[in-house]
Structure formats: structure tokens, C-alpha cells
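All remarks here apply to the structure that follows.
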Amino acid sequence: MNAAKRQRNQLEQQLTDARTWDQWYRAARELDELDGHLAWREQDGSELIHEALLRDHTRALKTHREQGDSHGLIALLQESVYRHLGELANPALYSVARTGTKLVVTDFLGEVEQAMQFICDHPLPGVSDEQKLQMFRDAERVYGQPALMLSGGGAFGIYHLGVTRALWQQELLPDVLAGSSMGAIVAGAICTRNESELEQFFSEPQRIHRDAFRWLGVQAGWKRGHAMDPDQLHRHIRANIGSPSFKEAFRHSGRSLNISVSPTRTRQKPRLLNALASPDVLVDCALMASCAVPGLYPPVILKARKTGHSGVGETAYMPTENWIDGSVHGDLPLMRMARLHNVNKTIVSQANPHVVPFISQNDQRGVGASLKRATVSLLHGQIATALKLTRESPTASIAIVRPLLEQAYAMATQSYLGDINIHLPFRPTLYPKVLSNPQADDLDDFITLGERATWPRLAMIRDQTRISRVFARCIKCLQKQVGRRQPEPA
């Protein structure tokens, strides 16, 4: 084996075995240099972007900023940001180098950030801070914000802890999170904690309550109509999250929790529970509903916080409806999230056991990977068509069969991917653990898998959420400035 090949093997092994982001990045950078990808990042010539125009806009933004021309900056930002928005979102820009994309993209985004910060920090002639704040809010509403969506997956969902920890450590964890089933529990644990509590949560994962599953046994399961103990799951949820309402969770954490639940009645549509649509609904009950996989857990009636003359209590929410696992009809509620939260970028962490085998080849390159993707796509289409035809057959009219067919068809036809995707590696040896409580070593292994799956996506996530994060920072700063000048109440 020659020296170059030996070096490559060593670096690839370091990449695989990395325990921290710094270790991963050092190995990735050396591999990029070895492959000539660092030079590619610096070179001109790409059909994916309009490089000359990007450079012109970068120079013009810098000129306006150095001259203190705020109004000129605003006009140029309105033109250049939206003009380049589509091309800069192309995933192919991040398919070459492990450490990032073309430097002309990085330079442009950096200059946009400095321009927005300049407008935020400096007086704007003829515009008050209140008006400036409203201007930033209006622009953010047009631009949008990112959201992180965590799939279901049973014990595989523990992997989401590694994904979210890797994002949080790089200050890239979005303020909007959605989850189904186990993904909802992880999202709930994050969105019910403030920053100091979140730091302890991520730095001391061994303190997490892990005993979620308890099998009832054949006789008890047959009698009750479900295989697992819902009381044990509820204790697990209460131990890790408590029982706040969605509104209380948002006020405490500053993050928006969204939980997807599906109805048991076929004519009812799935529902996205959050502080906007269902502020008083209790998070622990919503999580129970989102985990209610048919056959494993019973359907759930939601509860809400009730405040009256007799004090604070609980009441049934939509008492005539029963709700089950959100993964059945909407593992990733993409459209509903976009409408409610103005989401422009979806980051998906996917750990569903029935999905991972079919998307594991998405990151692979070459003819073989393309053939795998084509085969999987064809198989997926055939399954969906077969279920559609079965739904329309006389057999589907049988009462006990109809709900099962509807659920199978919904699972086969829904989308499981977003704009940026992070997925659990397909490892058959993990499948026996999918419905078992993790031991301490299992917890550590799943978290590490999540972090390692996230690190290769960080450059893309950092770039494609950068402008949204600047909007959030500037709005927060201007809110403080405006608040300081408000008169004290009499």
C-alpha cells in the first residue's frame, strides 16, 4: 500500500471514529485537501451558481456598507438576496467538499450578514427604531425561517438526541421543532427547557429517564387490545418533560413545539398541536397521542389546562375524538408547518425503521447508487399503487379492514424527506432494539450516531439558515432598544 492510500485510509477511519465535531472537521479538511476539494472551493467556474453576479453583489454590498449608505444597502439586499435564493439552496453545491461549498457563496452570505447587522446597528435617516423593527419583521415574514422535524422510530428516535445536540453546540438548532412519536418526545424535551436547562440536558444525557417500554404480556395484551403499558410510557414522559401546556412551554423555552397526531376516524384530518393552534393542550397528553401506534398503545383523548374560579385544573380537549401516532398520516407535517410558522427550510432527522432502509443510499454516489435509488423509487411506487387499488376494492368495505388499509396507504404515500436530510445509518443489527429500553451504552451509541450523521450537514445548514438567524438576532436586538425607551407603567 503506497503512502497516499495509507494516509487516505487513516483519515477516513478518523472521520468514522470521530467523537467530537473538531475531530471530524480536522479529518474532513485533510481529506478535502488530499482530494483537491479545497482548491475546488476557491476556483471559479460552476454551472450551479452565477458566480460573476455573486461577486458583483458582494462588492457592491461592501461598498455601500463602508460608505454608510443604509438606504442603498436595503435596496441592494432586497434585490440580491431574493435573486440568489434559489441557486444557493441547491444541495449539489454541498456534494463535493466535505467542509463546505464555493467560497464565493460563503463570502456573499458573510457580506449579507454584515450589511443586515449594519442596518440594525446604525441610525436610518427618517426611520425610527420602531419603524426599523417593523421593517425587519416584515422582511423576515417574507423570507421565512427554518424548522427541524424529528421523525418517529421507537427506540431509534434516541438518535435525534445526537442530531439536536450537534446542532445546539454549533448554535444552529432552530426555534421551531416538530416531532412524531419518539421524535415528539425528544422535541418536547428540548422545547420545555430554557438555555441553561438545555445545556445540562445535553451535557448529562445519562440523567435522562430511559424506561419508556413495558410489554404487558400475551394474555393482558390480548385482553386490553394493545401490547404495551401506556402508564409506563406516561411516567417516562412526565419524568423527562413534566406536564406544561404548549403555551407554557413556549413562554419558558422560547421555542415552538409542534406535535403531529392522527385521528382514529378516517374522515378526520391529522392535527398539528402547538402554542398557536392549541395553546392550552397539555404536552404530555399530546406526546402520549403521538406515540399511540395502533396495536402497541391505545388511542388517547387529549387534555387541556383549565383556569376558572376554582383555580387551575385539567379538562378534556375535543372529548369525542381519539388520537394516535402522528407518523401514520403525517410523519413530517411539511405543509402545515410552512403555513403556521412561515417555514422556508426544513431540516429532517429521519429514524423510522421502515424508512431508513429506503433512503440509506441517498448519500451515496456513482452508477450503483443511482440504480439503487431508481429501484427503490420503482418499488415505492408499486406498493403505493397496490394499496390504492386495494382501498378501492370491495374487500376494503369490511369495517375491520378499512382503517388498516387507510393507515397503510397513508404511510406509503406520505413524504419522509425535507430540504436537508439527516438519517440514521441503516444497520440491521439495531433492529432488535427498536422496541426495547436503551441501556446506558445504547444511549451513548445512538447519540454518537446522530452526531456523526449531522456533522457532514453542518456546512449546508449553517449557510442555508444564516440569513434567517441574522433576522432573528437583529429583531431581538431592536426589540430591546425599543423596550428600553418605553415609559414605565404608572
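May I ask you to list the trypsin sites (Lys or Arg not before Pro) in the range 20-61 that are in a DSSP loop and have at most 12 other Cβ atoms within 10 Å of their Cβ? In loop regions of the range 20-61 (DSSP not H, G, I, E or B), there are no sparsely surrounded trypsin sites (Lys or Arg not before Pro).
Placing +1 on the Cβ of every Lys and Arg and -1 on the Cβ of every Asp and Glu, with nothing else charged, gives the range 116-181 a dipole about its Cα centre of roughly 260 debye.
Over 25 Å apart at the Cα level, from the set LYS345/LYS476; LYS223/LYS269; LYS62/LYS132; LYS247/LYS476; LYS102/LYS132; LYS247/LYS269, are LYS223/LYS269; LYS102/LYS132. Projecting label points 7 angstrom from Cα along Cα→Cβ for TRP222 and ARG207 puts them 4.5 nm apart. Only protein heavy atoms count here; under a 1.4 Å probe, GLU197 has an accessible surface of about 70 Å².
In sequence order, the range 29-43 has phi-based couplings of 5, 5, 5, 4, 5, 5, 8, x, 7, 5, 5, 4, 5, 8, 6 Hz under the Karplus curve 6.51 cos²θ - 1.76 cosθ + 1.60, θ = phi - 60°, and Gly or Pro positions carry x.
For LEU282, the residues whose modelled amide H falls within less than 5 Å of its own, excluding neighbours fewer than 5 places apart on the same chain, are LYS303, ALA304, ARG305.
Compute the relative contact order of the range 132-183 as a whole-number percentage, counting only Cα pairs closer than 8 Å that sit 6 or more residues apart in sequence.
Dividing the mean separation by the residue count of the range 132-183 yields 51 percent.
Among the trypsin sites (Lys or Arg not before Pro) in the range 231-319, those placed in a DSSP loop whose Cβ has at most 12 other Cβ atoms within 10 Å are ARG265, ARG267. Working from Cα pairs under 8 Å separated by at least six residues, relative contact order for the range 1-72 is 17 percent. Other residues lying with their Cβ under 14 Å from the Cβ of ALA4 contribute a combined charge of -1, Lys and Arg counting +1, Asp and Glu -1. Rolling a 1.4 Å probe across the protein heavy atoms gives the range 158-234 an accessible surface of 44 Å² per residue. Rounded to the nearest whole Hz, the Karplus-based 3J(HN,Hα) values (6.51 cos²θ - 1.76 cosθ + 1.60, θ = phi - 60°) of the range 269-274 follow the sequence 8, x, 10, 9, 8, 6, with x at glycine and proline.
In a shell of Cβ-Cβ distance under 11 Å around ARG255, excluding ARG255 itself, what net charge do Lys and Arg (+1) and Asp and Glu (-1) give?
Combined, the nearby Lys, Arg, Asp and Glu give 0.
Put simply, the amide H of VAL293, placed in the peptide plane, has neighbours under 5 Å in ASP325, leaving out anything fewer than 5 places away on its chain.
The values are calculated or read from the model by the stated rules, or taken from the named source; none is laboratory data. Treat the numbers as computed from the prediction; the structure is a model and nothing was measured. Reconstructed Cβ throughout: ideal geometry from the backbone, glycine too, with neighbour counts over all protein chains shown. Accessible surface is based on the protein model in full, side chains and every heavy atom, while ligands, DNA and RNA are left aside. Shrake-Rupley method; radii C 1.70, N 1.55, O 1.52, S 1.80 Å.
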